Amino acid sequence: MSELKNDLLLRALKGETLSRPPVWMMRQAGRYLPDYIKLRQKYDFFTRVQTPELACEITLQPVDQVGVDAAIIFSDILVIPQAMGMEVLMEEGKGPLLPNVVKTAADIDALQTDAVEERLAYVMNALALTKKELNGRVPLIGFAGAPWTLLCYMIEGKGSKTFDKAKQFCFTQPELAYRLLQKITDVTIVYLKAQAKAGANMVQVFDSWSGMLSPADFKIYAQPYLVQIADAVSPDVPVTLFPKGSWYALGDLSKTSAAGLGLDWSVTPQLARTMTNNSITLQGNFDPSKLLAPIPQIKKEVNEMIDAFGTTRYIANLGHGILPNVPVDHARAFVDAVKEYGS
Ligand code: CP3
């Protein structure tokens, strides 16, 4: 039924038992590959994101050069605040900057929620082009930032070690926070459904900063919006939720309509399986810094990780994005170790 030549990712999401798990790496497109670094010198960040031919080329690099079992579209989570009307700058070597942060009810009211598909048409065009170029080699993953993580950037204006301004906003003006989170959620649902229509075979929701929240606050500011997205989008395409640092929420999230849960390295495979009652596909959770260890050690620890998770309902991945300073042959060793598992 599938036009895919390699559909391991989709079979893992469905719960099939496989001889070895599928493997991809968060942030695999860009960052560490020399061919990406060359493109970065020629085109600025949002040109790379908004030009389907460039986004497609960058998306295919890790498939061609590292041999991963899935492609993830080259884009960014901050295209949503941008499409809602906020200015987003990407400062070379420094990360994102949103000069005009959300402060008041009027700022929230001014955020645009209409014509999402038109404003983000370049992402859908990049997905369609990449799908065509992949020609069924591997599945294509779409993504978005989770509402809580996007609120962090929209309030704080940049990265932060604590995101205390974002939290202050929530803790002092919760009604405004709910309004903002709901607006982001509504836009994200439309966006992810459009990605599915354009050819995404799975979509991942990155809640990169959910671990900043206490378990009680996660239930207020993160979980309800993740659940809304999973419920609305799952009929169209399998949804994987990645609540980084929020191991405490795995039980609750395993009972949602999500097909997969991403794990960071703060949780053992055993604890994650117990908390999720073995009922959902788990993805992760190799410490990205471990890719800086000697190759034999990488291979040994990858085998231990797969032994612990098993080959049913499991997608091998890192516990967060690949680091820019990882040697390409170490990334390849990680992928090869998964592919050689059991042989
Ligand atoms: O696999 C991929 O890399 C696909 C593309 C992708 C990018 N950003 C490209 C990018 C994905 C999946 C993202 C997600 C993203 N963006 C997240 C969630 C994932 C995570 O790591 O937690 C977050 C929090 C962002 C916001 C963001 N964008 C930051 C904090 C930065 C700067 C630091 C960094 O991560 O490199 C960016 C810039 C960015 N987005 C780059 C890339 C390749 C680096 C800039 C460049 O190459 O010029």
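The values are calculated or read from the model by the stated rules, or taken from the named source; none is laboratory data. Bear in mind the structure is a predicted one, so any value in this text is a computation, not a measurement. Note that each Cβ is placed from the backbone with ideal geometry, even for glycine, and that neighbours are counted across all protein chains shown. For the accessible areas, the whole protein counts, side chains as well, though only heavy atoms, and no ligand, DNA or RNA atoms are used. Shrake-Rupley method; radii C 1.70, N 1.55, O 1.52, S 1.80 Å.
Below is a table of values for the structure above.
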read-out	value
Simple Cβ-charge dipole of the chain, Lys/Arg +1 and Asp/Glu -1, about Cα centre, in debye nearest 20	420 debye
Rh by Kirkwood over Cα pairs, then Stokes-Einstein D for segment 61-179 at 1.567 mPa s and 4 °C, µm²/s	80 µm²/s
222 nm mean residue ellipticity, helices alone, for the chain (DSSP H n ≥ 4; -39,500 (n - 2.57); rounded to 500)	-14000 deg cm²/dmol
Rounded, prolate or oblate (a/c below 1.5 giving rounded, otherwise prolate when a/b exceeds b/c) for segment 187-343 by Cα gyration tensor	prolate
Contact order normalised by residue count of the chain, Cα under 8 Å, 6+ apart, percent	23 percent
Among Val190, Pro269, Ser257 the positive-end extreme of the charge dipole of segment 184-295 (Cβ point charges)	Pro269
Principal-axis tilt of helix 147-156 within the chain, Cα atoms, nearest 10 degrees	50 degrees
Euclidean distance between Cα centres, segment 199-235 to segment 316-343, Å	26 Å
Most to least packed among 276-288, 157-169 [average Cβ atoms within 10 Å]	276-288, 157-169
Residue pairs, from the table Lys167/Lys255; Lys131/Lys219; Lys14/Lys299; Lys161/Lys339, whose Cα atoms sit over 31 Å apart	Lys131/Lys219; Lys161/Lys339
Relative contact order (%) - segment 100-207, alpha-carbon pairs under 8 angstrom, separation at least six	46 percent
Percent RCO, i.e. relative contact order, over segment 41-164, from Cα pairs under 8 Å lying at least 6 residues apart	34 percent
Whole-angstrom Cα spans of the chain along principal axes, big to small	60, 46, 41
Packing-based order for 28-39, 312-323, using average beta carbon neighbours within 10 Å, highest first	312-323, 28-39
J(HN,Hα) series, segment 327-339, from Karplus relation 6.51 cos²θ - 1.76 cosθ + 1.60, nearest Hz, glycine and proline x	x, 4, 5, 6, 4, 5, 4, 4, 5, 4, 4, 5, 5
Heavy-atom accessible surface of the chain: percent carbon and sulfur, 1.4 Å	52 percent
Under 5 Å, built H, 5+ apart or other chain: amide partners of Asn317	Gly284, Asn285, Phe286
Ellipsoid equivalent to segment 1-73 - semi-axes via the Cα gyration tensor, in Å	28, 13, 9
Mean Cβ neighbour count within 10 Å, used as a protection proxy, ranking 173-184, 250-261 highest first	250-261, 173-184
